[in-house]
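The numbers here are math on the coordinates, done by the rules we state, and not lab data. From a predicted model like this one, the values you see are computed outputs, not experimental measurements. Cβ coordinates were reconstructed from backbone atoms using ideal geometry, including for glycine residues, and neighbour counts include every protein chain displayed.
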Amino acid sequence: MRRSHVALISASVVGVVVALLVVVLATRDPATEKVRDSPIVGKTAPALRAKAIDGSAFDLETYGGEFVLVNFFATWCVPCRQEHADLVELDEGGAANVVSVVYQDSPETVQAFLAEQGGDWPVLEDPSGQITLDYGVSKIPESYLIAPGGTVVAKFVRGVRADTVTDVIDRFR
Amino acid sequence: MTVRTPSRRVPWLVLGFVVVGALIVGSRSDGPQTREDRVQAIAATIKCPECSGQSVASSSGRSAKAIRTDIAARLERGQSADQIRDYYAGRFGEELLLTPSGSGTASLVWILPVVVIVIAAAGLAAAFVRWRGGGGARASDEDRALVAAALADPHGEGAGR
């Protein structure tokens, strides 16, 4: 095989590999995107039965027919504190029912935080971390929007914004 | 045509036996495992969701502990290692698995190196065959004339150098 042919084939192979890399990288979601894909989006929401920090029992099934935003948070997490006002707006405005799951935090600290910052919704304990595993939570804050039919329709990371969540809800109404 | 003598094949046969023997020894199971061993073996193939660069087996984070407990519970319920790994891939995504799946596009990770090795071996074999077939320098008419002159006058100038 002549050297010019070898060079042409080698250059073609390298060119194809570089082109594929560019295509793959260009089609990935930017890191700033807050609405992210997740394996559980499009599937039925994992069952959510747990004890709330006020001692009451909670079951997600009782919310059938309404939008529910399941929010994983901790008071020591700065983005969680920053998104809290938006959660209050969503819940009090009636756009979605907020349900929070405490992530590695004490119920007493959470109660004190809610008393100070507002927020009158179920806040669930997850001492074993099983709820966190069922929803595939990696880093808080993470929130999962569940449609009235019980399907997870969106995952939000690095804090929710009320207008972003409302936009998604409007698309599914 | 050259005839390959048996003695030249011996090193290749020995090499083949060593490679096959190493593969057999390396892939042999160490016998029955305890449940803790199985938990650790599965946990070693799953990335800790909240840590960077650590497996669930080596992390002391809360998520890692929760996953180890969950793996033990799932083994207790009779689930296989693949079913457990599929469950976590279905919750967190395939990127949580430290050893890629053997199916779908992830299987390319296993297939491509083998394909590359086979192509490289075939290329090397072809090159060796070509080199052995006398692909070296060819004698020109001038070279032949020089050789003929040297043969015709074996005791001439230059002999004995």
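Data for the structure
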read-out	value
Rotationally averaged projected area of chain A (alpha carbon convex hull; nm²)	13.6
Segment A:110-122 - phi-based ³J(HN,Hα) in whole Hz, Karplus 6.51/-1.76/1.60, Gly and Pro as x	5, 4, 5, 5, 5, 5, 7, 9, x, x, 10, 9, x
Over the protein assembly as shown, volume per residue of the alpha carbon convex hull, in Å³	259
Degrees between helix A:162-172 axis and first principal axis of chain A (Cα, 0 to 90, nearest 10)	80
Extension gain (nm, one decimal) between B:SER107 and B:ALA44, 0.36 nm per residue minus Cα-Cα	20.8 nm
Burial ordering of A:GLU66, B:GLU142, fewest other beta-carbon atoms within 10 Å first	B:GLU142, A:GLU66
Per-residue mean of C-beta atoms belonging to partner chains within 10 Å, peptide A:128-139	6
Counting DSSP beta bridges with both ends in segment A:35-172, the antiparallel % (nearest 5)	70
For residues of B:83-95, the mean tally of beta carbons on other chains within 10 Å	3
Mean Cβ count within 10 Å, highest first, over the residues of peptides A:93-100, B:42-49	B:42-49, A:93-100
Angstrom value of the Kirkwood radius, inverse mean 1/r, which spans all Cα pairs in segment A:80-138	12.3
